[in-house]
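Beneath this line is the structure, given in structure tokens, with notes to follow.
The values are calculated or read from the model by the stated rules, or taken from the named source; none is laboratory data. Just so you know, these numbers come straight off a predicted model, no measurement behind them. Positions of Cβ are backbone-derived with ideal geometry, glycine not excepted, and every protein chain shown enters the neighbour counts.
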């Protein structure tokens with residue numbers, strides 16, 4: 001739950017400066033790509049607000065002690081962490097239950113048990129449904145005294161403007177390769193020397209790098225290479241079905257494939273291509289993201305979600321073949 005935060009020095013400095021001022025905001029919106037350390041930083045800052053001491057070293061982190069032990073055990077009376085959990089059947093929920101948000105509102109109405117503040121983290125706003133967003137808005141509109149709320153937002157779903165306007169927003173960026181290597185060196189994979197391919201596909205995200213390192217994805221990457229051979233999608237049914245089968249095996253492999261295809265799109269947009277073709281590539285990727293979002297809302301399984309994604313790339317490949325044949 002805790003560990004050194006690599007990078008994001010300006011945001012850390014901004015928060016610490018605000019923390020020592022008289023006008024400290026009650027709600028902080030951490031906005032940036034998923035897996036770059038927003039949640040890790042929020043947990044460290046929450047511990048600091050609850051009385052933990054700041055650790056030494058080049059990276060920001062708090063010292064382990066009573067506060068961090070209680071938070072890690074989920075038993076700190078003045079701290080709550082809201083995130084997507086599993087359902088009664090053991091399957092991951094599609095969103096954070098609105099009942100959890102309502103319990104958080106009740107938590108904030110109580111006085112701090114250990115003195116000081118009451119602190120909560122919602123990780124993430126992307127996984128809240130409209131009812132949850134409306135419940136959260138009530139807290140932001142009438143913030144109880146001595147409360148601090150961290151809101152993690154990956155930017156993958158729409159955010160109510162009223163929520164955004166009532167928060168102090170910090171924008172987070174992806175890490176460069178050196179910082180990403182440092183983050184890997186402080187993780188459970190400290191003995192692993194990341195390859196250039198891993199750094200490229202991780203796209204500045206330690207969380208993404210961890211997903212790669214935790215999974216045996218050689219066959220997936222090989223199949224993705226075949227699917228995007230000659231730098232264009234190959235709608236061959238054999239390759240497509242193989243890729244679909246691999247993407248549907250787990251959320252992690254699906255995430256890796258989506259990252260690979262996103263980078264494929266970005267690489268094509270940097271090439272000397274016809275403007276109309278670049279537009280089609282951009283639209284295809286936007287439609288892929290929209291389709292994925294709709295699939296999540298409809299609670300479709302991984303096979304259906306993966307098929308919706310690949311269908312966009314197959315259509316793009318056919319358009320490219322037709323255009324070159326003319």
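Odds and ends about this structure:
- If you go through segment 245-259 and keep only what is surrounded by fewer than 18 Cβ atoms within 10 Å (Cβ to Cβ), in a helix (DSSP H, G or I) and modelled with pLDDT of 90 or more, you end up with just 245.
- Only a single item in (1) farther than 17 Å from residue 33 by Cα; (2) crowded, with 18+ Cβ neighbours inside 10 Å; (3) modelled with pLDDT under 80 is not met by residue 268, and it is number (3).
- Among the residues of segment 7-31, the one identified as surrounded by 19 or more Cβ atoms within 10 Å (Cβ to Cβ) and at pLDDT below 95 is 7.
- Looking only at residues of segment 152-175 that are free of Cβ contacts under 8 Å to residues at least 40 places away in the same chain and more than 20 Å from residue 121 (Cβ to Cβ), we find that the one that is nearest to the chain's Cα centre (by Cα) is 158.
- Residue 179, sole failed condition from (1) over 19 Å from residue 80 (Cβ atoms); (2) surrounded by 16 or more Cβ atoms within 10 Å (Cβ to Cβ); (3) in contact with a helix residue (DSSP H, G or I) (Cβ under 7 Å, 6 or more places away or on another chain): (3)
- Some residue of segment 182-200 being assigned to a loop (DSSP other than H, G, I, E, B), within 26 Å of residue 12 (Cα to Cα) and at pLDDT 90 or above: no
- Condition check for residue 158: in a helix (DSSP H, G or I) and at pLDDT below 90: no
- Residue within segment 105-121 that is under 23 Å from residue 300 (Cα atoms), outside the structural domain of residue 300 (by TED's automatic domain parsing), surrounded by 11 or more Cβ atoms within 10 Å (Cβ to Cβ) and touching a residue at least 24 places away in the same chain (Cβ under 8 Å) present: no
- One residue from 82, 101 being within 18 Å of residue 140 (Cα to Cα) and touching a strand residue (DSSP E or B) at 6+ places or on another chain (Cβ under 6 Å): 82
- Selection within segment 21-60 - farther than 26 Å from residue 136 by Cα and either more than 25 Å from the chain's Cα centre (by Cα) or part of a loop (DSSP other than H, G, I, E, B) (or both): 52, 53, 54, 55, 56, 57, 58, 59
- Subset of segment 70-102 [surrounded by fewer than 12 Cβ atoms within 10 Å (Cβ to Cβ) and either at pLDDT below 90 or assigned to a helix (DSSP H, G or I) (or both)]: 73, 85, 86, 87, 88, 89, 90, 91, 92, 99
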